[in-house]
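Structure first, commentary second.
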Amino acid sequence: MGESIDRSEIQAIRDLLSSKPRPVGWAQRRARLDEVGAYWPVADDVELNPVDLDGVPGEWSMVPGTDQSRVLVFFHGGGYCSGSIRSHRRMATEAGRGAGVRTLAVGYRLAPEHPFPAARDDALTAWHWLRKQGIDAAHIAVGGDSAGANLSVALINQLRADSEELPACAWLVSPWTDLTMSGSTVTTKDAVDPLMHKGYLQELANAYVPAGMESNDPRISVLYADLHGLPPALIQVGSEEALLDDASRFATAAGAADVPVTLEIWPHMIHAWHLWNAHLDAGRRALASAAAFIRRHL
């Protein structure tokens, strides 16, 4: 992280993101995230296999030489309302490559058609499916970006509540941990974050949080959960993110609960910059750091 950042590379990503007007409506937003996320395809040596996780769509990915007994379970971002296995394929597959593990990407149900607890229930279904394949919990890492990072922690919290074995570690990129949007950087970074704006975040939260629940419920906003007993976590966030405060406050809360936690704040980086690793050196270096973390714990 101490290496210099090529500002022209991240500017090119910003230009890509601003090349079309912000989409309106869920269908257009989903299509746009798939488009910009899949702008550069997966590498030629990646093997992809769709899989039915007891009714939840999934996709295995691996490269030659992968240790098939170890798995990264990946939950895509998109504010619980968009994103897909396709949009995050390049990020998930390269994370698995670096860590030397298989990646299992999970296509959980999206709001507003399927508000909480649908995503968490699908995450649990995927976890139980994987365990039934004979994979030890100690050989599984869970991770994701944005809402997918929140979902990763929500899954672990539910497993802990159910007295089940926990994964070995959690990899959390640009985590959206507070759906009340109380973080200061939601306001102070609004002008520099090209993706996440307070009004948009509020729209996403309104779609995901069902009637009768508060957005600070710890099952929805993991910042407010009891974090004792969580496995080691790596949190990666960019300095130009509205959710910077979500990441730093979660790191503090987890650390205060005696969770081994590492927080990396990457200069000049934007929300979930790993997505564009094909043409972003800082994306590749962040993935290499995450891969080393996963290898260490698996």
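The values are calculated or read from the model by the stated rules, or taken from the named source; none is laboratory data. The structure displayed is predicted, hence computed values, not measured ones. With ideal geometry, Cβ positions are generated from the backbone for all residues, glycine too; neighbour counts draw on all protein chains shown. What goes into the accessible areas is simple: the full protein's heavy atoms, side chains included, and nothing from ligands, DNA or RNA. Shrake-Rupley method; radii C 1.70, N 1.55, O 1.52, S 1.80 Å.
With the largest listed first and rounded to whole Å, the semi-axes of the equivalent ellipsoid of region 11-131 from the Cα gyration tensor are 25, 21, 9. Look at the Cα gyration tensor of region 11-80: its axes a ≥ b ≥ c give a/c of at least 1.5 with a/b at or below b/c, and that counts as oblate. For region 115-240, with all protein chains in place and a probe radius of 1.4 Å, 50% of the accessible heavy-atom surface sits on carbon or sulfur. Computed over the chain with a Gaussian network model linking Cα atoms closer than 10 Å, the most mobile of 62, 213, 181 is 213.
Taking a straight Cα-Cα cut-off under 17 Å and skipping sequence neighbours fewer than 8 places away in the same chain, the aspartates and glutamates within cross-link reach of residue 20 are 34, 35, 193. Here the simple spin-label model places points 7 Å from the Cα toward Cβ, and for residue 121 and residue 18 these points are separated by 4.2 nm. Computing FRET efficiency as 1/(1 + (r/R0)^6) for residue 265 and residue 6, where r is the C-beta to C-beta distance and R0 is 25 Å, gives about 0.90. For region 182-277, just say rounded, prolate or oblate: build the C-alpha gyration tensor, square-root its eigenvalues into a ≥ b ≥ c, call rounded for a/c under 1.5, and beyond that prolate if a/b exceeds b/c, oblate if not. Note, shape of region 182-277 comes out oblate.
Taking a straight line from the alpha carbon of residue 132, these aspartates and glutamates sit under 14 Å away, with near neighbours fewer than eight places off in the same chain left out: 52, 54, 164, 165.
Along the axis of the charge dipole computed for the chain (Cβ charges of +1 for Lys and Arg, -1 for Asp and Glu, origin at the Cα centre), the listed residues 84, 17, 53 are led at the positive end by 17. With the whole protein complex present, residue 135 retains an accessible surface near 20 Å², based on a 1.4 Å probe. Computed from the C-alpha gyration tensor, the three semi-axes of the ellipsoid equivalent to region 98-213 are 28, 17, 12 Å, from longest to shortest. With the whole protein complex present, residue 20 retains an accessible surface near 100 Å², based on a 1.4 Å probe.
The C-alpha atoms of the chain occupy a region whose extents along the principal axes are 47, 47, 37 Å, arranged from largest to smallest.
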